[in-house]
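Have a look at the structure below before the remarks.
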Amino acid sequence: MQTTRRTVTAGLLATALTACSGGGGSGTSSTQVTRARAVPNPAFDAWVAAFKPRAAASGISQATLDRAFRNVGYLPEVIEKDRNQTEFKRSLEDYLAIAASDERVRLGKSALRQHGSTLAAIEQRYGVERQIVTAIWGLESKYGARRGDIPVISALSTLAYDGRRGAFMEKQLIAALRILQNGDITPDRMTGSWAGAMGHTQFIPTSYQAFAVDFTGDGRRDIWSDNPADALASTAAYLQRNGWRTGQPWGMEVRLPAGFNTGLAGRGNARSAASWASMGVTDTGGRPVPNHGSAAILIPQGASGPAFVTYRNFNVILRYNNAESYGLGVGHLSDRILGKPPIQAGFPPDAQGMTIDDRKELQQRLTAAGFDTQGADGVIGSNTEAAIAGYQRSRGLPVTGQPSMALLQSLR
Ligand SMILES: [Ca+2]
């Protein structure tokens, strides 16, 4: 969950985005964590005892409290995760390498086919295009594969007790109890990420309360079920309620004219598409940037990296998760799922002077040399760092665990 302003947000990109090279230090998905284990903690128990009257004062019945807290415990692992969120430091290039990896694009195309009629019905009702809903699903839970299996009441109680964001977490906890009281789900099935984000598209409880819908018509808003219909419809409802404009793109990659004043970039500098077009901003095919109303230019890695125009719908996606990289990840993945091409512009080399191809080659060569990086996606994560350290140790080199061109040269 983000620490920046995040008010009505639902999803948590942290849940699904783990580099194949083990870089997702965030790795919030419980699938990587195995089942979280509660440990005895008298101070936590005292906090729960003191919390219950506050919950009751908010309208939670004694019966609900009894059911909800029957198996609740303190989860130290949740606090560990809360202290170690690293995903927001990633470059856009790294982020997109994970968010729109070949695998995630392939699975997205397959999900679009497999759930085509459901997605079409959702699109019909809420006016949100199927590829957008599918891309959010892909980022939030890898199309349902990583919904999280941490008990939500335990996770939120642990976070509320911990107090780093105690008031926010207590509010989420009360909302989670209301969901149980409403009968949408039972306590044992109410699972999610370490941060209490639930189901296929990782709704936090307050977002669930505000936006979740029963699309299947069985009387329950079941975003946890193997059947993703309620979760996907809830996501579409969320976007619709936040102002989605049917038929408009989120944005697109663009070409900037030579000498473009980069000071004009940024979401705070929106202007008409016609105005950008008159400055010479074009799509990647050289045509004037299309007019979909107010538009901003984003250059997340500076003038030597790719540039994007973003429209109103991009800002709607950010209501789901207020990080530009997330918005670009959803937008780009949605395009790729439809068969559109990868980002056309190159990214600048990283701080070590390495391009993504250099980093992939480094991972391939380390693995071939017996130091397994667990894949070669060009994203340097903990597995790659461990492999580098192992290689350096074996060669009697200073052990830094950090990539460099010199290291790559030594492996060639
Ligand atoms: Ca339902």
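The values are calculated or read from the model by the stated rules, or taken from the named source; none is laboratory data. Fair warning: this is a prediction, and the values are worked out from it, not measured in the lab. Backbone-built Cβ (ideal geometry, glycine too); neighbour counts: all protein chains shown. For accessibility, only protein heavy atoms count, side chains too; no ligands or nucleic acids. Shrake-Rupley method; radii C 1.70, N 1.55, O 1.52, S 1.80 Å.
What does the net charge come to around Ala145 if you take all other residues with beta carbon closer than 14 Å to its beta carbon, with K and R at +1 and D and E at -1?
Its environment carries a net charge of +1.
Within 12 Å, Cβ to Cβ, of Pro187, how many net charges do the neighbouring residues add up to if Lys/Arg are +1 and Asp/Glu are -1? Don't skip to the end; give the middle numbers.
Working: positive: Arg67, Arg70, Arg189; negative: Asp66, Asp184, Asp188.
My count for the surroundings of Pro187 gives 0.
From the phi of every residue in the range 227-235, what ³J(HN,Hα) in whole Hz does the Karplus formula 6.51 cos²θ - 1.76 cosθ + 1.60 yield, where θ is phi - 60° and glycine or proline is x?
3J(HN,Hα) across the range 227-235, in whole Hz: 6, x, 4, 4, 5, 5, 5, 4, 5.
For the chain, report the translational diffusion coefficient in µm²/s to the nearest whole number, using Stokes-Einstein at 10 °C, 1.306 mPa s, and a Kirkwood Rh over Cα pairs.
For these conditions, the coefficient is 70 µm²/s.
Between Ser117 and Ala56, what is 0.36 nm times their sequence separation minus the Cα-Cα distance? Round to one decimal in nm.
17.7 nm
I need the calculated FRET efficiency for the pair Asn182 and Arg267, taking r as the beta carbon distance and R₀ as 30 Å, to the nearest 0.05. Don't skip to the end; give the middle numbers.
Details: r = 37 Å, r/R0 = 1.22.
Approximately 0.25, to the nearest 0.05.
So what's the back-of-envelope 222 nm ellipticity for the chain, counting only DSSP H runs of four-plus at -39500 (n - 2.57) apiece and dividing by all residues, rounded to 500? Don't skip to the end; give the middle numbers.
Values: 18 runs with 190 residues, N = 412.
Mean residue ellipticity at 222 nm (helix-derived): -14000 deg cm²/dmol.
Under a 1.4 Å probe, what is the accessible area of the range 251-310 per residue, stated in Å²?
44 Å²
Putting +1 on Lys and Arg Cβ atoms and -1 on Asp and Glu Cβ atoms, find which of Gly401, Ile380, Ala236 reaches farthest to the positive end of the dipole of the chain.
Ala236
Using a cut-off of under 12 Å, list every residue of the range 333-365 whose amide N is near the label point 7 Å from the Cα of Ser404 along the Cα-to-beta-carbon line.
Only 352-353 fall inside the zone, counting backbone N under 12 Å.
For the range 251-310, what class follows from the C-alpha gyration tensor (a ≥ b ≥ c being the square roots of its eigenvalues): rounded when a/c is under 1.5, otherwise prolate if a/b is larger than b/c, else oblate?
Verdict is rounded for the range 251-310.
With a 1.4 Å probe and all protein chains left in place, how much of the accessible area of the range 356-411 comes from carbon and sulfur atoms, in whole percent?
For the range 356-411, the apolar C and S fraction of the accessible surface comes to 49 percent.
Cα to Cα, under 16 Å, and not fewer than 8 places away if on the same chain: which aspartates and glutamates meet these conditions relative to Lys89?
By straight Cα distance, Lys89 reaches Glu324, Asp350.
Lys/Arg Cβ at +1, Asp/Glu Cβ at -1, dipole of the chain taken about the Cα centre: which of Leu139, Ala111, Gly302 is farthest positive-ward?
The residue sitting most towards the positive pole is Gly302.
Between beta-carbons, use under 13 Å as the cut-off and find the net charge around Ser225, counting Lys and Arg +1, Asp and Glu -1.
That sum, taken over residues with Cβ under 13 Å, equals -2.
Near the amide H of Ala307, under 5 Å away, which other amide H atoms are found, from residues 5 or more places off or on another chain, if H is placed in the peptide plane?
Counting only residues 5 or more places away or on other chains, the set is Val254.
Mind telling me which of Trp244, Trp47, Trp194 comes out most flexible in a GNM of the chain, alpha-carbon contacts under 10 Å?
Answer for the Gaussian network model of the chain: Trp47.
Check Thr216: other-chain or 5+ apart residues with amide H under 5 Å from its amide H, H built from backbone geometry?
For Thr216, whose amide H was placed from the backbone, the distant partners under 5 Å are Asp230.
Please list, ordered by chain and number, the residues whose modelled amide H lies under 5 Å from the amide H of Asp149; skip anything fewer than 5 residues away on the same chain.
For Asp149, the qualifying residues are Ser30, Thr31, Gly192.
Can you spot the aspartates and glutamates whose alpha carbon is less than 18 Å from Lys52's alpha carbon? Ignore those fewer than 8 places along the same chain.
Result set, ordered by chain and number: Asp66, Asp162, Glu170.
Taking the alpha-carbon centroid of each part, what is the distance from the range 183-235 to the range 282-307 in angstrom?
Using only Cα atoms, the two centres lie 36 Å from each other.
Running a GNM on the chain with Cα contacts under 10 Å, which residue among Pro290, Pro151, Pro341 ends up with the highest mean-square fluctuation?
Looking only at Pro290, Pro151, Pro341, the biggest GNM fluctuation is shown by Pro341.
Starting from 0.36 nm per residue, how many nanometres of slack lie between Gln248 and Ala63 once their C-alpha separation is accounted for?
Full extension from Gln248 to Ala63 adds 61.9 nm.
Between Met190, Met252, Met279, which gets the highest mean-square fluctuation from a Gaussian network model of the chain, Cα cutoff 10 Å?
In this elastic network of the chain, the residue with the biggest mean-square fluctuation among Met190, Met252, Met279 is Met279.
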